[in-house]
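Have a look at the structure below before the remarks.
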Amino acid sequence: MYVCICAAVPEAEVHECIRTGARSVEELGDQCSAGTGCGSCHDRLAVMLSSAQVADLRSTA
Ligand code: FES
């Protein structure tokens, strides 16, 4: 399922970008072009980034 329709970026690709270091919507755009079109996916991308950061914190706690 695409998270970003404009750039045809699936959820798995966004997760991979986060796993390899993307920490903001802008960095996701740089890495996989997600969020570089209309911007309507930015909220979803932000939620995915936040969830990953919470998971990171839990794994290091
Ligand atoms: S749906 Fe992601 S920029 Fe348009």
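Condition check ((1) part of a loop (DSSP other than H, G, I, E, B); (2) surrounded by fewer than 20 Cβ atoms within 10 Å (Cβ to Cβ); (3) among the charged types (D, E, K, R); (4) without any contact (Cβ under 8 Å) to a residue 24 or more places away in the chain) across all residues:
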| site | (1), (2), (3), (4) |
| --- | --- |
| Val3 | no, no, no, no |
| Ile18 | no, no, no, no |
| Ala22 | yes, no, no, no |
| Glu27 | no, yes, yes, yes |
| Gly37 | yes, yes, no, no |
| Ala46 | no, yes, no, yes |
| Val54 | no, yes, no, yes |
> Within the stretch 12-46, can you find the residues that are farther than 14 Å from Tyr2 by Cβ and of a type in the set (Gly, Ala, Ser)?
Replying inline: Gly21, Ala22, Ser24, Gly29, Gly39, Ala46
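The rows are residues; the columns are (1) within 16 Å of Ser51 (Cβ to Cβ); (2) within 14 Å of the ligand (Cβ to nearest atom); (3) under 8 Å from the mean Cα position of the chain (by Cα).
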site: Val3; (1), (2), (3): yes, yes, no
site: Ala7; (1), (2), (3): no, yes, no
site: Pro10; (1), (2), (3): no, yes, no
site: His15; (1), (2), (3): yes, no, yes
site: Arg19; (1), (2), (3): yes, no, no
site: Ser40; (1), (2), (3): no, yes, no
>> As an exercise: evaluate Ala12 against (1) part of a helix (DSSP H, G or I); (2) closer than 21 Å to Leu57 by Cβ and give the number of the one condition it does not meet.
In response: (2)
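Just so you know, all these numbers are worked out from the coordinates, no wet-lab data involved. Everything numeric here is computed off the predicted structure, so don't read it as measured data. Methodologically, a virtual Cβ is constructed for each residue, glycine included, from the backbone with ideal geometry; neighbour enumeration extends over all protein chains shown.
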